[in-house]
Structures are given as C-alpha cells and as structure tokens.
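Here's the structure we're looking at; comments come further down.
The values are calculated or read from the model by the stated rules, or taken from the named source; none is laboratory data. All values derive from a computational prediction rather than experimental measurement. Areas reflect the complete protein model, heavy atoms only, side chains present, ligands, DNA and RNA absent. Shrake-Rupley method; radii C 1.70, N 1.55, O 1.52, S 1.80 Å.
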Amino acid sequence: YPSPNGVIVHGDEKYLKQAVFNIISNSITYAYSNSVFCIKMKNTGLNSCISVINKGHQLSDEILESMFDYYACNPSKNTKIGFGIKLYLALQIIKAHSGGIVVRNNKNDENVFDIILPLHSQNSSVIKLDKEFIINENMPA
C-alpha cells in the first residue's frame, strides 16, 4: 500500500528488520571509503521494493552466483573477504515472506540490492517500511 514516507507490507517485523539490516550492513562493509550510500523505496505493482545502493567494486558473475550461499566467501584480494551468514539469512527471511532479492551492477561502480516483497500476504501483520523502520537505534546488531 502506498504511503507518503514509504511502503506498507505484511510480514514479521522482527525478521524483516533483520533481513534489511543485513543487506544494509553488507553494502556499507563493501562500499568504497567515503562513498555515497542510498536506500530507495517504491511500489511496483503488486510488490514493494527496497533498493540498497552503494558504490563499490563491481561484483563478478562468480560472486553474484554465490554471495547468498551459506558462508560464501569473496575470492577477490582487492576487497574485504567473506560474506558470512548475513546475506544467506537475509535471503531466507525474504523468501519466507514470499519475496526475493535481486543483485545487479549499475554504471559508475554502483551495486544495487533490490529487496522485493509482496504488498499482501496471508496471516501476517502490517508493517510500514520507511526511514524510521530502516534507520532505528533498536536495529539488531
């Protein structure tokens, strides 16, 4: 459902916060130093999309194919090593909410993580996704 400051989806607030936080944390970790970091939210028909965008090394096909595997590792010596378990857990949480995560490289060394969630799901609570949801002192560590 559209909202002036974000989007509203149905789901488990605790786990969705954890999934979004894991994607943001990973994006900050692998961004260039002092680079711009961006989060965008929009409705796309029957889904809502949270796009997490950073400027960092372009992700190779090998990394794109394995970055959501349990304890995946980044083999490049030019970047930080390892994705650990955060991306794996984020994907599992989003899938449990009938959603998905799409990762793509954009021009100018931008890496984009699109978190796609349905606007409606059976037997779940309504959650407003906005800047207070994403940037909150109570976010899981």
Residues of the stretch 74-121 satisfying the condition of being of a type in the set (G, A, S), at pLDDT below 90 and assigned to a strand (DSSP E or B): G84
Would you tally the residues in the stretch 12-36 being assigned to a loop (DSSP other than H, G, I, E, B) and open to solvent by less than 60 Å² (accessible area, probe 1.4 Å)? 3
